[in-house]
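Enquirer: Can you read through this structure? Questions will come right after.
The values are calculated or read from the model by the stated rules, or taken from the named source; none is laboratory data. This is a predicted model, so every value here is computed, not measured. When we count neighbours, we look across all protein chains shown, and the Cβ atoms used for this are built from the backbone with ideal geometry, even at glycine. For the accessible areas, the whole protein counts, side chains as well, though only heavy atoms, and no ligand, DNA or RNA atoms are used. Shrake-Rupley method; radii C 1.70, N 1.55, O 1.52, S 1.80 Å.
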Amino acid sequence: MKYLDEYRDAATARRYAEAIAKITTRPWTIMEVCGGQTHAIVRFGLDTLLPPQITLLHGPGCPVCVTPLEVLDQAVAIASRPEVIFCSFGDMLRVPGSERDLFRVKSDGGDVRIVYSPIDALKIAKENPKKEVVFLAVGFETTAPANAMAVHRAKEEGITNFSVLVSHVLVPPAMEAILGSRHNRVQGFLAAGHVCTIMGYTEYEPIARHYKVPIVVTGFEPLDILQGIYMCVLQLEEGRAEVENQYARSVRREGNVPARNLLTEVFTVIPRKWRGIGEIPASGFGLAPAYAAFDAARKFQVAGHTAPENPECISGLILQGIKKPQECSAFGTRCTPMNPLGATMVSAEGACAAYYKYRRHEGAVPGEAPPEAGRAVS
Ligand code: SF4
């Protein structure tokens, strides 16, 4: 398949791994920010191709994982109301809140619908003027423009029975929180290519300078990731700390300017709580005052609720690169994708779920080839 097969070529992957080994003279620890990258690394066994001096840590870039429990509880509370049609992407429906998930609300008679775009939810609002239609707007900078567009259109067209429950998070403040921690182990980052497609990468330049870490904007296919690691290791070996763009087929330095302008119009930057990590200053989007009427948390007065996490779960440490999934005593036993106890098991993009799916819990730890290593890189 065009734009897929050529980025999964096994022989080229091996050559990249050899090239990385050739330039590596000492141990380096690199974090891939995005859950999609984590999934590809574990699925294709890319970490097992690397020289033993390279450690990959899995970052906080899984949007489902970092959506706080209280937002899920708010979603369940709103979706349970008889006047509400609650719309969401499918992957949020099975994420458990404190007591129930949205699938349970649906099976109990709630009108919960899977949509493929927030614009679809807006259409449902127009078709059902006597109902309140709410869209669950979660995720990183990548999904924010479509949500901003839906709210902007609702305002323009005077649609007052549409609102969004917003829990958008931003990548650069999370990277700074990780780098500023006294437990930090990260020496270089693979930044998330799709986020930078929207936002560009100028925001990362002061971070690279201040913390003296190379940041390589990287794609999601196996060869993208191996090339990103090569570029990052090369910078580390040469003592450079710059922002470089591996994902040039999609990312421009300035990003998508119309999308960024729309984000600035509809949203304002606020502190956000990240599931498993806690509150990070200026790390999220909330609706700007001019769009407050479209804020579902305000409309249905569900803000302010808090929910405790399972005390056994160490997903916060995993999301910050301090621990790996196998170091959790519940991993693969009390916590599985069918019965997730914490943030990084609730989504296929979470590090715990990826390790579970690709059988790292059965002994195929990094450094040993898991069953699929190399095979899927066709
Ligand atoms: S295995 Fe489950 S309980 Fe353990 S850190 Fe991962 S999500 Fe949390």
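Enquirer: Before we move on, is GLU205 closer than 22 Å to PRO68 by Cα and open to solvent by 10 Å² or more (accessible area, probe 1.4 Å)?
Expert: no
Enquirer: When you check ARG253 against the structure, is it part of a loop (DSSP other than H, G, I, E, B), open to solvent by less than 70 Å² (accessible area, probe 1.4 Å), free of Cβ contacts under 8 Å to residues at least 60 places away in the same chain and not aliphatic (A, V, I, L, M), yes or no?
Expert: Against the criterion (part of a loop (DSSP other than H, G, I, E, B), open to solvent by less than 70 Å² (accessible area, probe 1.4 Å), free of Cβ contacts under 8 Å to residues at least 60 places away in the same chain and not aliphatic (A, V, I, L, M)), ARG253 does not qualify.
Enquirer: On to the next question. Test ARG260 against the stated conditions and say whether it is farther than 22 Å from MET31 by Cα and either surrounded by 13 or more Cβ atoms within 10 Å (Cβ to Cβ) or of a type in the set (A, V, I, L, M, F, W, C) (or both).
Expert: When the stated conditions are applied, ARG260 passes them.
Enquirer: Is it the case that GLY45 is over 30 Å from VAL134 (Cβ atoms) and at pLDDT 90 or above?
Expert: Yes, satisfied.
Enquirer: When you check ILE280 against the structure, is it touching a Lys or Arg at 6+ places or on another chain (Cβ under 9 Å) and either open to solvent by 40 Å² or more (accessible area, probe 1.4 Å) or near the ligand (Cβ under 9 Å from one of its atoms) (or both), yes or no?
Expert: No, not satisfied.
Enquirer: Which residues, counting only those in the range 324-344, are near the ligand (Cβ under 8 Å from one of its atoms) and in a loop (DSSP other than H, G, I, E, B)?
Expert: Selection gives CYS328, SER329, ALA330, GLY332, ARG334, PRO340, LEU341, GLY342.
Enquirer: Looking only at the range 283-301, how many residues end up being open to solvent by less than 50 Å² (accessible area, probe 1.4 Å) and either outside any loop (DSSP other than H, G, I, E, B) or within 16 Å of the ligand (Cβ to nearest atom) (or both)?
Expert: Residues flagged as open to solvent by less than 50 Å² (accessible area, probe 1.4 Å) and either outside any loop (DSSP other than H, G, I, E, B) or within 16 Å of the ligand (Cβ to nearest atom) (or both) within the range 283-301 amount to 11.
Enquirer: Could you please let me know if PRO82 is out of contact with any Ser or Thr (no Cβ under 6 Å at 6 or more places or on another chain), open to solvent by 40 Å² or more (accessible area, probe 1.4 Å), under 30 Å from SER181 (Cα atoms) and at pLDDT 95 or above?
Expert: Against the criterion (out of contact with any Ser or Thr (no Cβ under 6 Å at 6 or more places or on another chain), open to solvent by 40 Å² or more (accessible area, probe 1.4 Å), under 30 Å from SER181 (Cα atoms) and at pLDDT 95 or above), PRO82 does not qualify.
Quick grid of which residues meet (1) touching a residue at least 60 places away in the same chain (Cβ under 8 Å); (2) in a strand (DSSP E or B):
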site	(1), (2)
ARG240	no, no
GLU244	no, yes
TYR247	no, no
ALA259	yes, no
LEU262	yes, no
ILE270	no, yes
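Enquirer: Let me ask you something else. Counting just the residues of the range 302-323 that are in a loop (DSSP other than H, G, I, E, B) and near the ligand (Cβ under 9 Å from one of its atoms), which one comes out surrounded by the most Cβ atoms within 10 Å (Cβ to Cβ)?
Expert: CYS313
Enquirer: Could you please find all residues in the range 179-196 being in a helix (DSSP H, G or I) and either acidic (Asp, Glu) or open to solvent by less than 10 Å² (accessible area, probe 1.4 Å) (or both)?
Expert: Answer for the range 179-196, where residues must be in a helix (DSSP H, G or I) and either acidic (Asp, Glu) or open to solvent by less than 10 Å² (accessible area, probe 1.4 Å) (or both): GLY193, VAL195, CYS196.
Enquirer: Another question, then. Go through the range 240-249 and count every residue that is surrounded by 14 or more Cβ atoms within 10 Å (Cβ to Cβ) and of a type outside the set (Asp, Glu).
Expert: The qualifying residues number 5.
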